[in-house]
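Computed from the coordinates by the stated procedures, all read-outs in this text should not be read as laboratory data. Being a predicted model, the structure only gives us computed values, none of them experimental. As a convention, Cβ positions derive from the backbone with ideal geometry for all residues, glycine included, and neighbour counts pool all protein chains shown.
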Amino acid sequence: MDGAQVFEETIAKDQRVEPRDWMPEGYRKTMIRQIAQHAHSEIIGMQPEGAWITRAPSLRRKAILLAKVQDEAGHGLYLYSAAETLGADRGDLTRRLIEGRQKYSSIFNYPTLTFADVGVIGWLVDGAAICNQVPLCRSSYGPYARAMIRICKEESFHQRQGYELLATMMRGTAAQREMVQDATNRWWWPSLMMFGPPDKDSPNSAQSMAWKIKRHSNDDLRQRFVDMSVPQAEALGVTLPDPALRWNAERDHYDFGEIDWDEFKRVIAGSGPMNAERLAHRRRADEDGAWVREAAAAHAAKRAGAPA
Amino acid sequence: MSDDIKHEWPLFEVFVRAKRGLNHVHVGSLRAADHEMALHHARDLYTRRNEGVSIWVVRSDDVVSSGPDDKDAFFAPSGDKVYRHPTYYSIPDSVPHI
Ligand SMILES: [Fe+2]
Ligand SMILES: [Fe+2]
């Protein structure tokens, strides 16, 4: 059997493709692009919440937030590690991110205006990420699937700490409850956009499904997320900002309103409220760290006896 | 900026022993300037929740592996040696503890 046959058979049998196996160029490219985009999202995703670490209202919340943001850094690194098994280079991927040649999730281009945003990000943004990521634990590329298993184990804490934070605020003052509602209003629709364009406008999806990189369509996952979120919002006592949201007994799902796909496209194209700032921050961090990386490399070379 | 040094740090493979009595298992890779830093980064990256009691790091370019093309040469010869398995031998049911 040649490489192509082995690949086809591996996919058909629902087994995993491993780094040194033969794979179609398109599969390798798609995998690198998806993993890199995912890694970039984790790394950029540290910023909106990271902004609140020094301003967390208690030591407990600060420790939790610090641990959560550190996890996101870890997720980024697990994923860069998976991308490197395909021949990508971590430094090169970072460069592509900084130069705007590779994307990250549109959700992180929205600002975190109050501490309630930290809670809503945990609840909705990490919640949507979990919906997306759980099926990826069975993705056909072995190193990616294994990274996703590790990530999913850690995500549950992210969502629960956010929900608990919000529940605590809802038991507080009227002003605090208002903050939670306001944050929910701002994050709900962008969270629904995290699942990507509707199936009819998602041309690459069919190939990704055939290669078993993806297991469910964007619209299916989005519906699942809506169905899960409605009772959680009710238990919390907040209203989801969608007048069209109602139970449909015939479909056995919640119906929901039309998503503003123009906004989605604008944000993806770079015109979201925070795109420029997120990239500038990442670029600054890279530049500020350059001398440390160089010094460490020089020190290691010196100790190994090689000329620096 | 660091234009000329793209690959400033080499790649290391990380193995973690989850608890006493178990083997070290491969968990992923990371970049570090040297072995010592690789160990510290591995601690931060792969054992944030008591996932391990011991870590190995190995430079990725020191790992030698069999490839998919060697599969038959390497593993086919053991395929027909069924007599290496205990179930190959028939023993009467009446014989205990064997
Ligand atoms: Fe994450
Ligand atoms: Fe998360």
(request) For the stretch A:32-166, report the translational diffusion coefficient in µm²/s to the nearest whole number, using Stokes-Einstein at 20 °C, 1.002 mPa s, and a Kirkwood Rh over Cα pairs. (result) 142 µm²/s
(request) Calculate, axis by axis, the spread of Cα positions in chain A along the three principal axes, and write the results as whole Å, longest axis first. (result) 65, 49, 33
(request) Indicate the gyration tensor shape class of the stretch B:2-64 (rounded, prolate or oblate), computed on the Cα atoms with a ≥ b ≥ c the square roots of the eigenvalues: a/c under 1.5 is rounded; otherwise a/b larger than b/c is prolate and the rest oblate. (result) prolate
(message) With angles folded into 0 to 90 degrees, how steeply does helix B:35-46 sit against the dominant principal axis of chain B? Use alpha carbons for both and round to 10.
(response) 70 degrees
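Given R₀ = 60 Å, FRET efficiency for A:Ala235-B:Val95 by Cβ-Cβ distance, to 0.05?
Values: r = 63 Å, r/R0 = 1.05.
E between A:Ala235 and B:Val95, to the nearest 0.05, is 0.45.
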(message) Loop only by DSSP, 16 or fewer other Cβ within 10 Å of the Cβ. Give me the GluC sites (Glu not before Pro) in chain B that pass, ordered by residue number.
(response) B:Glu51
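List the GluC sites (Glu not before Pro) in the stretch A:228-308 that DSSP assigns to loop (not H, G, I, E or B) and whose Cβ has at most 10 other Cβ atoms within 10 Å. Which are they?
Details: sites: A:Glu234, A:Glu250, A:Glu258, A:Glu263, A:Glu277, A:Glu287, A:Glu294; in loops: A:Glu250, A:Glu258.
Of the GluC sites (Glu not before Pro), the ones in loops of the stretch A:228-308 whose Cβ has at most 10 other Cβ atoms within 10 Å are A:Glu250, A:Glu258.
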(request) Arrange A:Met274, A:Met1, A:Met179, A:Met228 by Cβ neighbour counts within 10 Å, fewest through most, would you? (result) A:Met1, A:Met228, A:Met274, A:Met179
(message) Quick check: residue separation of A:Ala63 and A:Ala249 times 0.36 nm, minus the Cα distance between them. What number comes out in nm?
(response) 62.6 nm
(request) Would you order A:Tyr78, A:Tyr144 from fewest to most other beta-carbon atoms within 10 Å of each residue's own beta-carbon? (result) A:Tyr144, A:Tyr78
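List the relative contact order of chain A as a percent without decimals, with contacts defined as Cα pairs under 8 Å and 6+ residues apart.
Numbers: 345 pairs, mean separation 56.5, N = 308.
Relative contact order, chain A: 18 percent.
Take the Cβ-Cβ distance between A:Ile53 and B:Asp62 as r, set R0 to 35 Å, and report the resulting FRET efficiency rounded to the nearest 0.05.
Working: r = 38 Å, r/R0 = 1.10.
Rounded to the nearest 0.05, the efficiency is 0.35.
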(request) May I ask you to list the trypsin sites (Lys or Arg not before Pro) in the stretch A:64-136 that are in a DSSP loop and have at most 12 other Cβ atoms within 10 Å of their Cβ? (result) A:Arg101
(message) Modelling each spin label as a point 7 Å along the Cα-to-Cβ direction, I'd like the B:His24/A:Arg33 distance in nm, to one decimal.
(response) 3.8 nm
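So for A:Val134, A:Val226, fewest C-beta neighbours within 10 Å to most, what's the order?
Least to most surrounded, the residues fall as A:Val134, A:Val226.
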(request) Before rounding to the nearest 500, sum -39500 (n - 2.57) across all DSSP H runs of length at least 4 in chain A and divide by the residue total; then give [θ] at 222 nm in deg cm²/dmol. (result) -21000 deg cm²/dmol
